[in-house]
Number of protein chains: 2
Amino acid sequence: MSIAFRTIGVVRTDSSDLPRHWSISDVEGTLVLNDGLADGLRDIEPGQQIVVLFHFDRSPAFGPDDLRQVAGDTGMVTGVFSTCSPIRPNAIGFSILEVTGVRESTVNVRGLDMLDGTPILDIKPHVERRP
Amino acid sequence: MSIAFRTIGVVRTDSSDLPRHWSISDVEGTLVLNDGLADGLRDIEPGQQIVVLFHFDRSPAFGPDDLRQVAGDTGMVTGVFSTCSPIRPNAIGFSILEVTGVRESTVNVRGLDMLDGTPILDIKPHVERRP
């Protein structure tokens with residue numbers, strides 16, 4: 001079954017030296033949401049961590065040979081669902097970023113592992129499992 | 001811009017008494033992936049936590065009036081990107097679940113907040129930010 005989603009905005013960053021993963025990134029940039037969505041950003045504040053879902057728009061298409069891949073962090077052949085590889089059945093990325101500022105429909109963030117121009121699909125609060 | 005994703009499997013659970021959020025759920029169930037994806041589940045093991053992306057397939061369509069909503073946990077009017085509401089610009093859900101077993105193309109999990117039949121979009125490892 002195919003499901004259509006729409007881009008809600010785009011990632012902007014001057015950096016072209018992006019780390020492999022948000023968990024080891026200090027790269028700064030901006031999430032620029034489409035016009036009309038600013039009201040949805042109310043209550044996002046500097047210092048918070050947010051979950052950002054995005055489209056790996058420049059990744060090669062996934063095929064059966066990609067079910068096992070060499071993982072970037074370990075160098076070991078690993079099932080795709082145990083990796084953060086951008087080559088996956090659905091090319092959806094997930095990063096946890098630190099908010100450094102919010103203004104109208106833009107959110108300044110730290111911790112980017114997305115390329116400049118990456119389409120954004122959603123922003124969610126970062127919630128921890130209860131102890 | 002519209003982006004098409006495909007269902008990679010479906011959530012199965014006997015429970016109809018689902019909590020509002022995975023972070024407060026002990027509900028058990030199974031992620032049943034489509035044929036041909038089992039190799040991607042290698043390396044997922046009981047005791048691990050996994051990130052599951054899914055489609056809120058039974059939620060009402062999002063409209064401009066939904067940019068601010070009453071949040072389920074606080075009862076306060078909150079910007080949609082600070083809530084876990086299923087009514088959002090892209091109806092993509094995100095849960096962190098505990099793996100209790102893996103067999104062929106199925107993963108037994110604890111912590112469900114998805115309805116029986118929910119379409120699955122992706123499974124990813126749960127990674128913490130470096131300290």
Computed P(r) (all Cα pairs; the protein assembly as shown; 10 Å bins; percent): 7, 31, 38, 21, 2
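At 0.36 nm per residue, minus the direct Cα-Cα distance, what do B:Thr100 and B:Met76 gain on full extension? Give it in nm, one decimal, please.
Gain on extension, B:Thr100 to B:Met76, equals 5.1 nm.
If you average 1/r over every pair of different alpha-carbon atoms in chain A and take one over that average, what Kirkwood value in Å do you get? Could the numbers behind the result be given before it?
Working: mean 1/r = 0.0638 Å⁻¹.
After inverting the mean inverse Cα-Cα distance, the result is 15.7 Å.
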Span from the segment B:63-131 Cα centroid across to the segment A:33-95 one, whole angstrom: 15
FRET efficiency, B:Ser15 to A:Asp116 (Cβ-Cβ, R0 30 Å, nearest 0.05): 0.10
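Hey, got the average number of other protein chain Cβ atoms within 10 angstrom for residues in A:60-66?
Values: counts 0, 0, 1, 0, 4, 1, 2.
For this peptide, the per-residue mean of nearby foreign Cβ atoms is 1.
Across peptide A:32-41, what mean number of C-beta atoms from other chains lies inside 10 Å of a residue's C-beta?
Working: counts 0, 2, 1, 0, 3, 6, 2, 8, 14, 5.
Rounded to a whole number, the mean comes out at 4.
When only Cα pairs under 8 Å and 6 or more residues apart are kept, what is the percent relative contact order across chain B? List each step's numbers first, then the result.
Details: 265 pairs, mean separation 54.7, N = 131.
Relative contact order here is 42 percent.
Residue by residue through B:111-123, how many Cβ atoms from other chains fall within 10 Å of the Cβ on average? Could you put the intermediate results ahead of the total?
On the way: counts 1, 0, 0, 0, 0, 0, 0, 0, 2, 2, 7, 10, 6.
The mean count of partner-chain Cβ atoms within 10 Å per residue comes to 2.
Read-outs: derived from the displayed coordinates by stated rules, not from any lab. In this text the structure is predicted, and so the values were computed from the model without any measurement. Virtual Cβ from ideal backbone geometry, glycine too; neighbours counted across all protein chains shown.
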